[in-house]
Structures are given as C-alpha cells and as structure tokens.
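A short worksheet on the structure shown next.
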Amino acid sequence: MAERILLPHTRDGICTITINRPQSLNALNSRLLAQLTELVTELEKDRAVQVVLITGAGDRAFVAGADIGEMAAMSPGQALEFSRKGQRLIQLLERLDKTVIAVVNGYALGGGLELALACDFIYAAENARFALPELSLGVIPGFGGTQNLPRLIGPNRARELIFSARMIDARQAEAWGMVNLVLPQDKLLDHARETAQAIMANGPAALSLAKEAIRSGMNMTRDEAIPHESVLFAHLFAGSEQAEGMAAFLEKRTPQFNSDQ
C-alpha cells in the first residue's frame, strides 16, 4: 500500500494537515506538491473549515526543503515546471479565504520555509530552524522565497539569509518578525488550536475580507490600498454577518455567526 504522505484531519472547524515523509524530513517532492495543491483546492470549497494548520510528521522537521534527490537531474524545463508547481501551491495558500497557520516543529528549510511564509503567520517550536540554503546548492529559492521573505523581514535581512545560506534559530526568527511566537514543542499544536478557536469566534466573511485586504494591499501603494479597504469594509454591510455582530454588541450577547453567511 502506498505511503500516505498527507494526513489531513478536520475537527470543530479546524483542518490540521500533517506532511508525512519523516524519513526524508518531510521534503517536498512533485507527488507531495500535487497532493497538497489538490487538498488546498478542496479546502477552498469546504465551508465547514475555517482555520487550517500545517505541520510536519515527527519532531525533527516541518519541511526540510524540496527533494534534492528529485531535483538533481532536472533539465531547465523540468526545473521551471517544478518551480511553478511550488509557486501555484504558495499562491493558493496565500489566497485561501481561511486563516492558515504554519506550526513549525523543526527544520523549515528552502521550500519548507517558503511554504511557511505562504501561511498567514508562523508558530515555532524551540527546536525550529530556518534557512533558505538554495545558493549553497547552486540555485536560488524557487517557491516565492525571494519575494515573500523581503516583504516580511525587510530586504536587507532577507539578502543576508539568502546570500549566506545560513540557518537561524527560532528565537532569531522571532526577533526578526518571521515567527509570531516560540513555544515548547509539546505546547505548539495546542496553542495553535487555541488561536484557531479565538479566530473562529469572529465573523468568517469579515475574516476572509481582512485577509484579502492585507494580501492585496501589500501589492498596492498606500494611496490605492486605503480606498480598497473602504470598499471591502462597505461590502460587509450587505450581508447578515455585520447585522448579527453589531446587534449582539448592542444587546450585550455573544454573536452567533454562521460560516455559510
């Protein structure tokens, strides 16, 4: 029987995706990229899921990069196709109308770090390590790392990490704003689930548009992004979610949001 390289589990509106290739430190190969892409596409349509957690099997790695054994013999055309497969997955995650949290439980290297950067934010275990080591292999990051990392931590720090190919620990990543919080490994998933529960107490339509406002605004000038925010803000007044949220506030009760609203 073929190895299950993805272990999705959904409970109470939270889908936890475990990347299950621990023997290769959960490295991303073409098969895994295809299955992740298919799963994320399905999750886009699943209204019962509001938050997605992505983690790696075992206690050593989140994802320790793309599969170098597969990449080593690629032609330029095959490399282009492989890069674009990875970028398609990254873009799907970035545009998913749900909150996506990277739960980094070990090495997040190369494509693994690029996968984490596509999530809305990152929680890391104390043993987590981060790097974009591609230059040490004679290539550059190919799953969006040269674009997403500078936008998150600034171009100077991104250049340092990419050009040197050096690894940083979880505390350094936290200090640079790459990681939201560092936790003991045995507390990591529980904290991510607690955050997911807090997120799901809010209006799902508002959450989706808040994500869209931030994502799209990062690619606009500030003068373009501010009026775009107003349009999204006003759009929510056309649905029942805003009416329920504000009525609950005025009536001093907990709002009852519906994920199908």
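Read the figures in this text as sums done on the coordinates, not as results from a lab. All values reported here derive from a predicted model rather than from experimental measurement. Note that we place each Cβ from the backbone using ideal geometry, even for glycine, and neighbour counts take in every protein chain shown.
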**Request:** List the extent of the Cα atoms of the stretch 6-200 along each of their three principal axes, largest first, rounded to whole Å.
**Result:** 44, 34, 31
**Asked** If contacts are Cα pairs under 8 angstrom and at least 6 residues apart, what is the relative contact order of the chain in percent?
**Response** 16
**Request:** Could you pull out every residue, at least 5 positions away or on a different chain, whose amide H is within less than 5 Å of the one on T99? Hs are placed 1.01 Å off N in the peptide plane, and Pro or chain starts have none.
**Result:** V52
**Request:** DSSP loop (so not H, G, I, E, B), at most 12 other Cβ within 10 Å: list which trypsin sites (Lys or Arg not before Pro) in the stretch 207-261 pass both filters.
**Result:** K252, R253
**Complete:** So the angle from the long Cα axis of helix 204-217 to the longest Cα principal axis of the chain, reported in degrees to the nearest 10, equals 50
**Message:** Compute the angle between helix 155-164 and the longest alpha-carbon principal axis of the chain, please, reported from 0 to 90 degrees and rounded to the nearest 10.
**Reply:** 30
**Prompt:** On the first, second and third principal axes, largest extent first, how far apart are the outermost C-alpha atoms of the stretch 204-250 in Å?
**Reply:** 36, 16, 16
**Asked** Alpha carbon centre of the stretch 209-261 versus the stretch 1-70: separation in Å?
**Response** 30
**Request:** Name the lysines eligible as straight-distance cross-link partners of K98: C-alpha to C-alpha under 19 Å, and not fewer than 8 places from it in the same chain.
**Result:** K45, K211
**Request:** Pop the C-beta distance of R166 and R88 into the FRET formula with R0 = 35 Å and round what comes out to the nearest 0.05.
**Result:** 0.75
